[in-house]
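**Student:** One structure is given below, represented as structure tokens, and several questions about it will come after.
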């Protein structure tokens, strides 16, 4: 349980050299959350103080094969007993290699290490992809836009590995300085990247924005773009390396191109299961090795993956399906909208009603009616938000991803603004 920094790297790599299993825990976890994760993983050693991490370097490396467990990472958003995804030496290596190859990482690159190293994005796609390619990491312990942008400029950061809210914040910070880093690629995932956010980042920093897709259960990034590949608006690219991808119906039958269904993966980066939880393992991974992601999407005729939304985030309004991402894309195009989350609120008549929780740009004061009218011109009549609620900030996870599950409908009658 250490912050991003050399001590984390020493502890993690030292544990792996010993043949031990690494269990990284986020610093933001509350005591009961830490206890529940320790109950599941039953660690022999717990490290939380950087001052104690001193000793002689290990000369020997305990032999392990690709199928051996390397790390246990706990999935976010679960209820009850937390699920510990087992990342193997082989799955981490495959995911790290996928990332390094897609971004064409070399010893000339500097990657921004802002994603928590305790998270799969910071661990496999950050630490291990740079180790496999000889690239460097500019370490950020806590993402603060102005300070982070200054560090990126100072270190000549070429690769940004982050989430959409990070791109938004860095663009805001860039408006008050001329010292900008030479960003070559911004690889963005964890949540849908609104098209206007990507355009703003590319205009500001000059580098390209690659939208990608990954999960803890995929040990990192599983789809994105590669150099020279055509980018398609709204798509998270194609599978990397030996990763297979398919779209299935509710009954588990493969669907043709263009049809929306659940996204499933199979390949070398897919985890073998959850730590001492055979029931959860059987629910997520079938006998043929296909991982059910719980995300909805479709493939176009050329095999590009388009995310639609989380199955659990789908809003059913009067018999119509409303995908929050589509409404959020429309809202992000409004010049006064900084961040937006669209959720379904209970409704006695329709089952659910569409609501938009919005953070506006500093110095702007749009009305709810302004944003409703804007959305009505861009989405179907049954999709536009009947409620628009302004707040000062949206809840976010350790990587900066907006957490819709943390938005409490009971508090929305008294918004912050």
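The values are calculated or read from the model by the stated rules, or taken from the named source; none is laboratory data. In this text, all values refer to a predicted model and were calculated from it rather than measured experimentally. Glycine gets a Cβ as well: all are built from the backbone with ideal geometry, and neighbour counts include every protein chain shown.
**Student:** I'm trying to understand the selection: among the residues of the stretch 18-37, which are surrounded by 10 or more Cβ atoms within 10 Å (Cβ to Cβ) and either more than 23 Å from residue 89 (Cβ to Cβ) or modelled with pLDDT under 80 (or both)? First the steps, then the outcome.
**Tutor:** Quick first cut of the stretch 18-37, residues surrounded by 10 or more Cβ atoms within 10 Å (Cβ to Cβ) only: 18-29, 33-37.
Answer for the stretch 18-37, where residues must be surrounded by 10 or more Cβ atoms within 10 Å (Cβ to Cβ) and either more than 23 Å from residue 89 (Cβ to Cβ) or modelled with pLDDT under 80 (or both): 27, 28, 29, 33, 34, 35, 36.
**Student:** Being within 28 Å of residue 291 (Cα to Cα), modelled with pLDDT under 95, assigned by TED's automatic domain parsing to the domain that holds residue 115 and buried (at least 16 other Cβ atoms within 10 Å of the Cβ): is that true of residue 81 here?
**Tutor:** No: the conditions fail for residue 81.
**Student:** Among 239, 256, which is assigned by TED's automatic domain parsing to the domain that holds residue 68, modelled with pLDDT of 95 or more and surrounded by fewer than 16 Cβ atoms within 10 Å (Cβ to Cβ)?
**Tutor:** 256
**Student:** Moving on to the next point. One residue is enough: does the stretch 40-49 have a residue meeting the conditions more than 28 Å from the chain's Cα centre (by Cα) and either within 17 Å of residue 84 (Cβ to Cβ) or not assigned by TED's automatic domain parsing to the domain that holds residue 86 (or both)?
**Tutor:** So far as the stretch 40-49 goes, yes, one or more of its residues are more than 28 Å from the chain's Cα centre (by Cα) and either within 17 Å of residue 84 (Cβ to Cβ) or not assigned by TED's automatic domain parsing to the domain that holds residue 86 (or both).
**Student:** Name the helices (runs of 4 or more DSSP H) wholly inside the stretch 266-382 in which the number of residues that are within 23 Å of residue 121 (Cβ to Cβ) and in contact (Cβ under 8 Å) with a residue 24 or more places away in the chain is 3 or more.
**Tutor:** Filter on the stretch 266-382 gives 324-332.
**Student:** Please specify each residue of the stretch 221-234 satisfying the condition of being in contact with a strand residue (DSSP E or B) (Cβ under 7 Å, 6 or more places away or on another chain) and either surrounded by fewer than 23 Cβ atoms within 10 Å (Cβ to Cβ) or more than 19 Å from residue 262 (Cα to Cα) (or both).
**Tutor:** Answer for the stretch 221-234, where residues must be in contact with a strand residue (DSSP E or B) (Cβ under 7 Å, 6 or more places away or on another chain) and either surrounded by fewer than 23 Cβ atoms within 10 Å (Cβ to Cβ) or more than 19 Å from residue 262 (Cα to Cα) (or both): 225, 234.
**Student:** Which ones in the stretch 192-215 are at pLDDT 90 or above, touching a helix residue (DSSP H, G or I) at 6+ places or on another chain (Cβ under 6 Å) and either surrounded by 21 or more Cβ atoms within 10 Å (Cβ to Cβ) or in the same structural domain as residue 342 (by TED's automatic domain parsing) (or both)?
**Tutor:** 201, 209
**Student:** Looking only at the stretch 295-324, count how many residues are within 21 Å of residue 392 (Cα to Cα) and surrounded by fewer than 21 Cβ atoms within 10 Å (Cβ to Cβ).
**Tutor:** Let us first name the residues in the stretch 295-324 that are within 21 Å of residue 392 (Cα to Cα), namely 324.
Filter once more, so that each one left must be surrounded by fewer than 21 Cβ atoms within 10 Å (Cβ to Cβ): none.
Residues meeting the conditions: 0.
**Student:** Taking the criterion of being modelled with pLDDT of 95 or more and within 27 Å of residue 340 (Cα to Cα), would at least one residue in the stretch 105-112 satisfy it?
**Tutor:** Checked the stretch 105-112: at least one residue is modelled with pLDDT of 95 or more and within 27 Å of residue 340 (Cα to Cα).
**Student:** If you don't mind, there's one more thing I want to ask. Any chance you could count how many residues in the stretch 141-162 are surrounded by 23 or more Cβ atoms within 10 Å (Cβ to Cβ) and either in contact (Cβ under 8 Å) with a residue 40 or more places away in the chain or in a loop (DSSP other than H, G, I, E, B) (or both)?
**Tutor:** So the answer is 7.
**Student:** Can you go through 26, 98 and tell me which one is under 28 Å from residue 289 (Cβ atoms) and in the same structural domain as residue 161 (by TED's automatic domain parsing)?
**Tutor:** Matching residue, one of 26, 98: 98.
**Student:** Look through 125, 118, 129 and report the one residue that is in the same structural domain as residue 227 (by TED's automatic domain parsing) and modelled with pLDDT of 95 or more.
**Tutor:** Going through 125, 118, 129 in turn, the sole match is 129.
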